[in-house]
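No value in this document is a laboratory result; all are computed from the given coordinates. On a predicted model such as this, the values are computed, not experimentally measured, just so you know. All Cβ positions, even for glycine, are placed from backbone atoms using ideal geometry, and neighbour counts span all protein chains on display.
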Amino acid sequence: MQVGQSRQLTAHVTPTNASDRRITWTVTSGNAVTVNRNTGMITGQRAGTATVRATSVCRPNIWREVRVIVVNPPPPPVRLPGQVVGAGAFWAVLHMHRLQQQPIRAY
């Protein structure tokens with residue numbers, strides 16, 4: 001996921017007829033995401049990793065974890081007259097333009 005994005009985590013409690021199916025969500029390591037304790041909604045805060053744990057409310061010794069990787073969003077495209085190119089292509093265009101301005105010397 002990317003910084004700033006949100007995702008819904010889900011946990012399946014078994015058996016399906018359990019009397020207390022409540023889950024508590026926590027981040028057990030890392031600081032790349034925050035999690036809503038009651039809903040499991042995570043939000044990317046910074047690039048890195050985090051481990052999110054779903055714990056049974058009535059039996060806290062029952063839990064499962066998931067590792068979440070957060071990346072920075074890609075840079076926005078650069079707009080040139082009449083076209084849109086990514087940042088890498090823009091660098092190549094600038095680089096080629098600079099090369100074309102250099103005089104060619106024969107030795």
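Can you sort VAL52, VAL33 so the residue with the fewest Cβ neighbours within 10 Å comes first?
By the 10 Å Cβ count, ascending, the order reads VAL52, VAL33.
Taking the Cβ of each residue in THR43, THR10, THR28 as the centre, tally the other Cβ atoms inside 10 Å and list the residues starting with the fewest.
Listed from fewest to most nearby Cβ atoms, that is THR10, THR28, THR43.
By the scheme Lys and Arg +1, Asp and Glu -1, what is the net charge of all other residues having a beta-carbon under 14 Å from that of PRO15?
After counting each charged neighbour, the total is +1.
Two decimals, Cα atoms only, Kirkwood Rh: what is Rg/Rh over the stretch 6-70?
For the stretch 6-70, the value is 1.00.
Could you check the simple spin-label distance between GLN8 and ARG21, using points 7 Å along Cα→Cβ, in nm with one decimal?
My value for the distance between the label points is 1.4 nm.
What is the stretch 6-70's relative contact order, in percent, from Cα pairs under 8 angstrom and six or more apart in sequence?
Once divided by the residue count of the stretch 6-70, the mean separation gives 32 percent.
For every other residue with a beta carbon closer than 11 angstrom to the beta carbon of SER29, add +1 if it is Lys or Arg and -1 if Asp or Glu, then tell me the sum.
Charge balance in the 11 Å sphere: +1.
Provide VAL68, VAL78, VAL57 in ascending order of the number of other Cβ atoms located within 10 Å of each residue's Cβ, fewest first.
Ascending Cβ contact count within 10 Å gives the list VAL57, VAL78, VAL68.
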